[in-house]
Each structure stands twice: as C-alpha cells, then as structure tokens.
1. When the chain is fully extended, how far beyond the present Cα-Cα distance does Gln36 get from Gln23, taking 0.36 nm per residue of separation?
2. How about segment 16-93: which GluC sites (Glu not before Pro) there are in a DSSP loop, with at most 13 other Cβ atoms within 10 Å of their Cβ?
3. Suppose R0 equals 30 Å; then what is the FRET efficiency for Lys85 and Ser59 from their Cβ-Cβ distance, rounded to the nearest 0.05?
Amino acid sequence: MFNKLIPASIIVALSSCGTTQPQAYQKERTPEDRNQYVGAEGLSQYQKDQNYLLSKALSDKCTKAKVDLAIARTNDQASEIKKQKALIARTCV
C-alpha cells in the first residue's frame, strides 16, 4: 500500500507545479509597464501597446510644444515661436 501512495503523491506534486499557463500578457499592468507577451493574444496586445505608446509620446510632444509656444509668445521670442510652430505642425495631429 505504501508503494502505491508514493507514485500518486509524486504525480500530484508534479502536476501542481507546472499546470499554470503563462498569461498572454500582463493584463494588470499599464502598457508602459508590460514586458511579457506570450502567444497570438500577447502579440496582438504588444502591437496595441506599441501603437498606444507611440501616440502618447507624440501627444506629449505636442502638448509640450504648445506650452513652449505660449511661453515664447509671452517672452516675445520670435525664433522660438517659429521653432515651436514647426514642432506643433509635425506633432499635433
């Protein structure tokens, strides 16, 4: 009887170790904090995250350029105004 318990307990122990499947991606994290993507669903989410991050970076540049333009206008800096307007034209969609 003891011989039958050992194999059964080994099977239970081994099966509980490796049964968890890796997540397709880290759903609980924000796109900025994700670093693991698995399988087709993970790849799809990676592409979505990259699009989001690129759009966010562009939006952040646009916002900064608008603030810098306002400061340049306040300080009456013609060259800086021209520079910020060009940056706004490239980044603000």
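1. 3.8 nm
2. When the GluC sites (Glu not before Pro) of segment 16-93 are filtered for loop state and at most 13 Cβ neighbours within 10 Å, Glu28, Glu32 remain.
3. Details: r = 18 Å, r/R0 = 0.59.
FRET efficiency, Lys85 to Ser59: 0.95.
Quick note: the coordinates plus some simple rules give every number you see, no bench work behind them. Owing to the predicted nature of the structure, the values given are computational and were not obtained by experimental measurement. Note that each Cβ is placed from the backbone with ideal geometry, even for glycine, and that neighbours are counted across all protein chains shown.
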